[in-house]
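Enquirer: First the structure, which I've put down as structure tokens, then a few questions once you've had a look.
The values are calculated or read from the model by the stated rules, or taken from the named source; none is laboratory data. Just so it is clear, the structure is predicted and the values come from calculations on it, not from any experiment. Neighbour counts run over all protein chains shown; Cβ positions are idealised from the backbone, glycine included.
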Amino acid sequence: MEVVSHSCCCTVPAMPIKKVRSTFTSTGTQGDFGWMIEQAQYARSLFIFNDNEAQFKEFHANEPSGLLAGGGNAIIRPYQGGERPRAAGIPTGDGVGYKQLDAHIKDVIDMALEHIEKLLASGNYDEIIYSYDSVENTLGSGIFDIDIEVRNYIFQALEKI
């Protein structure tokens, strides 16, 4: 059997990643990340959840506690593990919601965004799904009271991916 290889003279542009804004209304429906991530239609979706800084850092240090389910949309934290992660966290607080967007917080958020972009570059995903606050047109939050500047920074970055 002869194997013939062809080199392509052109490149095919990557399909843009669809952004899906999701608002939680009740369990077992659209907006419930724990339910959605189990549905077949989201098999090629990367869910972005609001994480706490401690467990975000533990995940990136390969600590088992970085994969423990949390409250709110962080219930999907375990899905960020494995060969083909289905979720990625973005820190929105550390014990309490971030109260301002300072250099440290921006650096931690940027680290999360870089991780998300790396995952998306794999070609395994068609869309990202993240929490949305339709009243303030920004990142949604439920557990943490997060400074609006922090939420806007994350939201605008996700919209540009």
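Enquirer: Given the conditions (1) closer than 20 Å to Val20 by Cβ; (2) in contact with a Leu (Cβ under 9 Å, 6 or more places away or on another chain), and given that His115 satisfies all but one, which numbered condition is not satisfied?
Expert: Here His115 clears every test but (2).
Enquirer: Counting only residues that are in contact with a Leu (Cβ under 6 Å, 6 or more places away or on another chain) and not in a helix (DSSP H, G or I), how many does the range 70-82 have?
Expert: The total comes to 1.
Enquirer: Yes or no: Ile128 more than 17 Å from Ala157 (Cβ to Cβ) and either assigned to a helix (DSSP H, G or I) or of a type in the set (A, V, I, L, M, F, W, C) (or both)? Give the derivation first.
Expert: On the way: more than 17 Å from Ala157 (Cβ to Cβ): no; either assigned to a helix (DSSP H, G or I) or of a type in the set (A, V, I, L, M, F, W, C) (or both): yes.
No.
Enquirer: Say whether the condition of being part of a helix (DSSP H, G or I), under 23 Å from Phe144 (Cα atoms), modelled with pLDDT of 95 or more and not acidic (Asp, Glu) is met by at least one residue in the range 83-102. Let's see the steps before the verdict.
Expert: Our first condition is that a residue be part of a helix (DSSP H, G or I); within the range 83-102, this holds for none.
Taking every residue of the range 83-102 in turn, none turns out to be part of a helix (DSSP H, G or I), under 23 Å from Phe144 (Cα atoms), modelled with pLDDT of 95 or more and not acidic (Asp, Glu).
Enquirer: Still on this structure, please answer the following. Within the range 1-27, count every residue that is modelled with pLDDT of 50 or more and of a type outside the set (Gly, Ala, Ser). Steps first, please.
Expert: From the range 1-27, those modelled with pLDDT of 50 or more are 14-27; that's our starting set.
Filter again for of a type outside the set (Gly, Ala, Ser), leaving 15-21, 23-25, 27.
Of the residues in the range 1-27, 11 are modelled with pLDDT of 50 or more and of a type outside the set (Gly, Ala, Ser).
Enquirer: Say we look at the range 138-161 and pick out the residues that are within 14 Å of the chain's Cα centre (by Cα), hydrophobic (A, V, I, L, M, F, W, C) and in a helix (DSSP H, G or I); which of these is nearest to Lys19 (Cα to Cα)?
Expert: The selected residue is Leu158.
Enquirer: Next question, about the same structure. Quick check on Glu63: is it closer than 25 Å to Asp147 by Cα and modelled with pLDDT of 95 or more?
Expert: Answer is no for this residue.
Enquirer: Still on this structure, I have one more. Name the residue, out of Ala121, Ala103, that is more than 23 Å from Ile37 (Cβ to Cβ) and free of Cβ contacts under 8 Å to residues at least 12 places away in the same chain.
Expert: Working: Ala121 fails: more than 23 Å from Ile37 (Cβ to Cβ).
After applying the criteria, what remains is Ala103.
Enquirer: Same structure again: Determine, yes or no, whether Gln30 is surrounded by 14 or more Cβ atoms within 10 Å (Cβ to Cβ), at pLDDT below 95, more than 13 Å from the chain's Cα centre (by Cα) and not in a strand (DSSP E or B). Explain how you work it out, then say what you get.
Expert: Numbers: surrounded by 14 or more Cβ atoms within 10 Å (Cβ to Cβ): yes; at pLDDT below 95: yes; more than 13 Å from the chain's Cα centre (by Cα): yes; not in a strand (DSSP E or B): yes.
Here the answer is yes, as Gln30 does meet what is asked.
Enquirer: Taking the range 120-133 on its own, how many of its residues are surrounded by 18 or more Cβ atoms within 10 Å (Cβ to Cβ) and either of a type in the set (D, E, K, R) or over 10 Å from the mean Cα position of the chain (by Cα) (or both)?
Expert: As a first pass, look at the range 120-133 and keep what is surrounded by 18 or more Cβ atoms within 10 Å (Cβ to Cβ): 120, 125, 128-132.
Okay, now just the ones that are also either of a type in the set (D, E, K, R) or over 10 Å from the mean Cα position of the chain (by Cα) (or both), so 120, 125, 132.
Selection size over the range 120-133: 3.
Enquirer: For Gly72, only one of the following conditions fails: (1) surrounded by 15 or more Cβ atoms within 10 Å (Cβ to Cβ); (2) small (Gly, Ala, Ser); (3) in contact with a helix residue (DSSP H, G or I) (Cβ under 8 Å, 6 or more places away or on another chain). What is its number?
Expert: That leaves (3) as the condition not met.
Enquirer: Can you tell me which residue within the range 114-161, out of those that are within 24 Å of His60 (Cα to Cα) and of a type in the set (Phe, Trp, Tyr), is modelled with the lowest pLDDT?
Expert: Checking each candidate, the answer is Phe144.
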